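Down below is the structure, laid out as structure tokens.
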Amino acid sequence: MTESVTQRLRVLIVEDNDLNAKFAEIVLKKYNIKADFATNGSLAIEKFLKYDYDLILMDIQMPLMNGIETTAEIRKYEKQLSVEKPVVIIAVTAFALEHDREHCLESGMNDYLTKPYKPAELISAIRKHFEI
Amino acid sequence: MIKRILKRGSLFFILFLVLVSNPLMANHGTYETSGSLMIFIILSLFFIVLLFFMWVLYRRRKRKFAQLVSDLELKIEKTEKSIEEIKQHSEEIVSRKRKMLIQDKEDLKKNLKSMQSALDSAHESARRNSVLLSNISHTLRTNLNDILGFSYLLGNDFAKNESTELYEFSENIRKSGDSLMHLLNNIIDISRIEANTFNLGLQNCDMYALMDELKGEFEPVAKQKGLQVFFQNEDVPLFSADVEALKHILTNLLDNAIKYTDSGFIKVIHWAESERINVSVKDTGIGIDKVYQDEIFEPFRRQSLGYSKTTYQGAGLGLPLVKQMLGLMGGTVVLESEKANGTTITISIPLSKPISENLSPGGLKSTVDEKKKDVQLKHGVNKVLVIDNDKLNNMLIKKMLVKVPNLIFVTNIKELNKIIENNGKSLEPFDIVILNIDFMKENGGVSLKQELQKSNPVFKKTPFVALSNIEDIGLDEKMIKAGFKTYIDKPINKEKLFNTMNTSIN
């Protein structure tokens with residue numbers, strides 16, 4: 001049962017640093033979760049509109065469109081789409097100050113994880129929202 | 001006084017005249033005795049002499065008096081002169097002082113100006129420093145994420161494959177990364193505190209959860225050193241505090257306790273007492289010499305400085321940071337230690353009331369808003385054509401119309417022609433066409449609709465929805481006149497789109 005749920009968990013990793021993205025991918029893979037990638041905010045929005053995701057891991061500092069703007073935009077689209085279940089967005093960022101956290105939550109993110117993070121920290125952040 | 005003497009003299013004279021004239025009068029008419037005349041003359045002479053003396057005396061006194069008066073006048077004159085001098089002098093002094101004061105004022109102004117500019121440049125450099133610090137921190141964290149993450153993954157794999165040596169190597173990388181991370185956190189926090197930019201973010205703190213987290217983090221580290229860690233918890237209510245800061249404080253204390261203890265145990269106890277939360281971290285480590293106990297809370301003052309090698313690594317930032325953070329939180333720290341006899345550090349912070357829970361993040365709030373809308377699309381909408389070159393909007397429509405089995409998007413004329421040509425006469429009519437009125441050019445959609453309806457019978461009876469990029473008053477009427485069934489403007493939402501489509505379909 002749990003396994004089938006995990007397989008259905010669709011995750012988008014929004015991250016411009018490919019090593020960081022790779023690490024997240026490997027951690028998720030260990031839990032049988034496959035992930036998609038976007039290297040900046042506008043690509044993330046395109047993918048968000050194209051596919052259905054349950055979870056987005058969102059970096060904050062990115063070229064073109066940062067994670068906070070991207071999240072606000074996604075939340076706006078969700079409102080337009082009247083989606084029943086908004087996608088869970090977890091900030092995964094190297095900004096670690098209290099006001100960074102507040103900014104993230106204000107922009108509509110559900111959670112906040114600071115880099116560097118341990119695999120267990122990522123998983124427990126996901127477990128707050130999904131059964132994996 | 002002289003006048004008084006004269007008065008007295010004339011009084012004597014009159015008395016004398018009366019006394020003398022009496023015997024004269026008594027002997028009047030006899031003139032026998034020339035003796036009495038003689039006496040009279042002598043007395044008169046005597047009196048004249050007396051008068052003379054008195055006059056001389058008077059003159060002398062008068063002269064003396066005049067002298068005195070003139071002396072006095074002179075003195076008065078002198079005094080007046082000196083008063084004048086003093087006056088002049090003091091005026092001079094006053095004006096000189098005034099000048100000096102004006103000069104001082106100007107100097108002060110200048111000083112103030114230069115101080116202000118110094119302050120400004122200090123602020124500017126502090127701002128630049130904090131930007132630099134923030135950038136450095138971001139870069140370090142991003143890279144440490146890779147170092148720590150991949151070394152962890154490596155370690156796991158090596159452990160699985162039982163490659164003990166390789167596992168140790170990767171663990172070494174991870175441990176070094178960890179201590180860099182710890183140092184980075186301390187540096188950032190201490191510079192933020194010193195720059196007065198450390199703001200406390202209040203959250204509700206569940207002490208048990210926090211302790212569990214610390215236990216999970218430190219138990220394995222202690223175990224590796226052969227140390228035991230005990231956590232002893234008493235009932236503590238939920239309270240509000242900067243949880244991250246509190247965690248950072250306790251992390252520093254536990255980190256130190258493990259670092260400076262080679263054998264024995266570490267014990268962490270927390271309890272609530274008279275509106276305060278207390279946590280004590282006790283170790284059986286090397287202890288701190290009494291001499292150093294005061295300065296150990298000053299930054300960069302770790303025992304044993306200089307080039308000499310010490311067994312224990314560290315920058316000595318931990319305890320100063322603990323003290324400063326506690327200072328911001330209204331907390332205190334007490335150190336009890338003896339060299340070679342362990343250390344107990346007890347912190348105490350106010351037990352503040354928990355904050356109300358409805359301050360949850362925006363992401364959750366928006367969910368509530370959306371639930372009330374529940375418009376459904378009419379049944380029997382099976383084939384929809386959307387003509388718009390706005391790809392993002394098309395994606396949105398695609399998401400909204402996910403239940404429509406035959407949904408076609410066209411973003412340019414070529415694609416449109418292809419669809420019409422490919423199907424030839426077998427092209428089945430659309431239930432609805434959504435057309436951007438400014439497709440390709442201004443009003444391009446309007447003319448396209450006319451062309452389509454003229455050239456192809458399939459479109460003749462199809463309802464067209466006018467889609468506009470902007471909201472424009474009166475545009476809806478115009479579009480209905482132009483033969484569109486309904487009108488919708490961007491940004492679209494599900495409710496709006498469904499309503500529009502429902503009214504368009506007969």
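Bear in mind these aren't lab numbers, they're just calculated from the coordinates by the rules spelled out. Because the structure is predicted, anything quoted here is derived from the model rather than measured. A quick note on method: Cβ atoms are made from the backbone with ideal geometry, for glycine too, and the neighbour counts reach across all protein chains shown.
Some observations on this one:
- Ordering B:T503, B:T251 by the number of other Cβ atoms within 10 Å of each residue's own Cβ, fewest first, gives B:T503, B:T251.
- Distance between modelled label sites at B:T164 and A:K34, nm, 7 Å Cα→Cβ extension: 4.1 nm
- Between A:Y51 and B:E415, the modelled labels are 2.1 nm apart [label points 7 Å from Cα along Cα→Cβ].
- Placing a label point 7 Å from the Cα of B:S352 along the Cα-to-Cβ direction, none of the residues of the range B:252-272 has a backbone N under 12 Å of that point.
- Chain B: angle of helix B:494-504 to the longest principal axis, Cα-based, in degrees nearest 10: 50 degrees
- With a 10 Å cut-off around each Cβ of B:468-476, the average count of Cβ atoms from other chains is 0.
- Placing R0 at 41 angstrom, the Cβ-Cβ distance between B:E219 and A:R8 gives a FRET efficiency of 0.70 after rounding to 0.05.
- Efficiency of FRET between B:K403 and B:E124 - r from beta-carbon atoms, R0 51 angstrom, step 0.05: 0.30
- Longest DSSP-loop-exposure-free segment, GluC sites (Glu not before Pro), chain B, at most 14 other Cβ within 10 Å: B:33-161
- Here the Karplus curve 6.51 cos²θ - 1.76 cosθ + 1.60, taken at θ = phi - 60°, turns the phi angles of the range A:29-45 into couplings of 4, 4, 9, 6, 9, 8, 10, 9, 10, 9, 9, 7, x, 5, 5, 4, 5 Hz, with x standing for Gly and Pro.
- Inter-chain shielding of A:77-88 (mean C-beta neighbours from other protein chains, 10 Å cut-off): 6
- Sorted by Cβ density within 10 Å, fewest first, the residues B:M181, B:M100: B:M100, B:M181
- Convex hull volume per residue, computed on the Cα atoms of chain B, equals 538 Å³.
- For the protein assembly as shown, share of DSSP beta bridges that run antiparallel, in % to the nearest 5: 40 percent
- Semi-axes of the equivalent ellipsoid of the range B:375-504 are 20, 18, 14 Å, computed as sqrt(5λ) over the eigenvalues of the C-alpha gyration tensor in descending order.
- In this label model, B:K105 and B:L183 are separated by 5.6 nm, measuring between points 7 Å along each Cα→Cβ vector.
- Rounded D (µm²/s) - the protein assembly as shown, Kirkwood Rh over Cα pairs, Stokes-Einstein at 37 °C, 0.692 mPa s: 96 µm²/s
- Distance distribution P(r), the range A:2-127, all Cα-Cα pairs, bin width 10 angstrom from 0: 13, 49, 33, 4 percent.
- The HN-Hα couplings worked out from phi for the range B:408-413 by the Karplus form 6.51 cos²θ - 1.76 cosθ + 1.60 (θ = phi - 60°) are 10, 10, 10, 10, 8, 4 Hz, whole numbers, x standing for Gly and Pro.
- Percent of beta bridges antiparallel (DSSP, chain B, rounded to nearest 5): 55 percent
- Alpha-carbon centroids, the range A:75-132 and the range B:470-497: separation in whole Å: 36 Å
- Principal axis analysis of the Cα atoms in the range B:457-496 yields extents of 32, 23, 14 Å, listed in decreasing size.
- Once C-alpha pairs closer than 8 Å and six or more residues apart are averaged by separation and normalised to the residue number of the range A:2-127, the relative contact order reads 21 percent.
- Longest segment of chain B lacking chymotrypsin sites (Phe, Trp or Tyr not before Pro) that sit in a DSSP loop with at most 15 other Cβ atoms within 10 Å: B:32-299
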